[in-house]
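The values are calculated or read from the model by the stated rules, or taken from the named source; none is laboratory data. This one's a predicted model, so the numbers in the text were calculated from it and none came from an experiment. Don't worry about glycine lacking a Cβ; one is built from the backbone with ideal geometry, like all the others, and counts go over all protein chains shown.
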Amino acid sequence: MAKKRDSRDLQKIEAALDEEMFALAGELSQRYVEKYPSDVEGQWLRGLSLYFLGRGKDAGECINAALSQLSLDFRGAALTYLARISRDAGHFVEAEELYSQAIEAAPQDAGNYVELASMLLAFNKVLDAEAIARRGIDAEASPTSDLYFFLGSCFRAHGDLVGSYDAFCRVLDECDDEEAEAAMTDLEQAAGVRGIELPQMEEPSEAGECGSEDNAEHEPGQMVANIQQEFFVKILSGEKKIEYRRHTDYWQTRIENAGKPPFHLRIINGMTKDAPELTVVVNKVVINPWEAEYELHLGDVIDIRNWEPDIQE
């Protein structure tokens, strides 16, 4: 029986994208979809490669072709890229609808709220933009600090010094942020010129990191990652105790969103709705500066779904 996918070739495309070697990713993904035209993961990676090469229209066609087969975990990301493609092409009504669908698919991802709100703000729809950001805060999307930072920037741009200062205070309640600190200094001086008093910032009980909280009872966060079957099996058997991810902005945001370890890592072998998956506890995250990688140190496997090893290829 002819193979329907090649895990090692998919890994090569993913590695090229992680290294921002987009021309290489483009070449590899083109050859892959020609060889395995029905593989949804190949279509997805081809779409990403084209997107980063600046070929938005072609990227949109590839991602759209994969969209109906993607599981909910990956549908949100696909819709985000489709929204960006429409936005960059000037199709703003379509982009707004796609961003709204991305929010519905991934309500815990603060990025979609911020991108939609920023687009609305560019058209001077200030109240609509503020409402989207507050909707993300109410949904407890992560990192919440990004949503408050947007509100602070929005209020500052329109002269609401008090509202802006309060929003930036909330950013610093969650994490150390040099840009937020600089904005607050700017607001303090502007308030002095205007002759108004700004609210006092409460001293945090203990400095924290973005996307994390120190609670008496730690509530594990969650992160989702795609993985090839070879490594899926090794994690399942306990042979593989560390999962590696490149030290890029993309993975930094994903790991920060998961919060302070221990957190749960949902590992999915494939991107379709019935793909095998397991959930494993991440006990520790270490940055390896020599390899420019995150090391996710794995603990117990706590859930397994859609996995029947006797019939797997």
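Within the stretch 284-313, work out how many residues are more than 21 Å from Tyr250 (Cα to Cα) and in contact (Cβ under 8 Å) with a residue 12 or more places away in the chain. Spell out the reasoning first.
So in the stretch 284-313, the residues more than 21 Å from Tyr250 (Cα to Cα) come out as 299-313.
Subset that is in contact (Cβ under 8 Å) with a residue 12 or more places away in the chain: 299-307, 309, 312-313.
Counting residues in the stretch 284-313 that are more than 21 Å from Tyr250 (Cα to Cα) and in contact (Cβ under 8 Å) with a residue 12 or more places away in the chain gives 12.
Only one of the listed residues (Pro220, Pro199) is under 20 Å from Ser142 (Cα atoms), at pLDDT 60 or above and either in contact with a Phe, Trp or Tyr (Cβ under 6 Å, 6 or more places away or on another chain) or not assigned by TED's automatic domain parsing to the domain that holds Ile267 (or both). That residue is Pro220. Within the stretch 119-126, the presence of a residue that is closer than 22 Å to Glu256 by Cβ and under 19 Å from the mean Cα position of the chain (by Cα) is excluded. Filtered by the rule that a residue be of a type in the set (Ser, Thr, Tyr) and either over 25 Å from Gly76 (Cα atoms) or modelled with pLDDT of 85 or more (or both), the stretch 265-312 gives Thr279, Tyr294. Among the residues of the stretch 28-48, just one is within 14 Å of Asn64 (Cα to Cα) and of a type in the set (Ser, Thr, Tyr), namely Ser38. Among the residues of the stretch 1-44, those identified as polar (S, T, N, Q) and either touching a Ser or Thr at 6+ places or on another chain (Cβ under 6 Å) or in a helix (DSSP H, G or I) (or both) are Ser7, Gln11, Ser29, Gln30, Gln43. In the set (1) under 30 Å from Tyr294 (Cβ atoms); (2) in a helix (DSSP H, G or I); (3) of a type in the set (Lys, Arg), Lys57 fails one condition alone, (1). For Ser205, the stated conditions hold: it is modelled with pLDDT under 90, over 20 Å from the mean Cα position of the chain (by Cα) and of a type in the set (Ser, Thr, Tyr).
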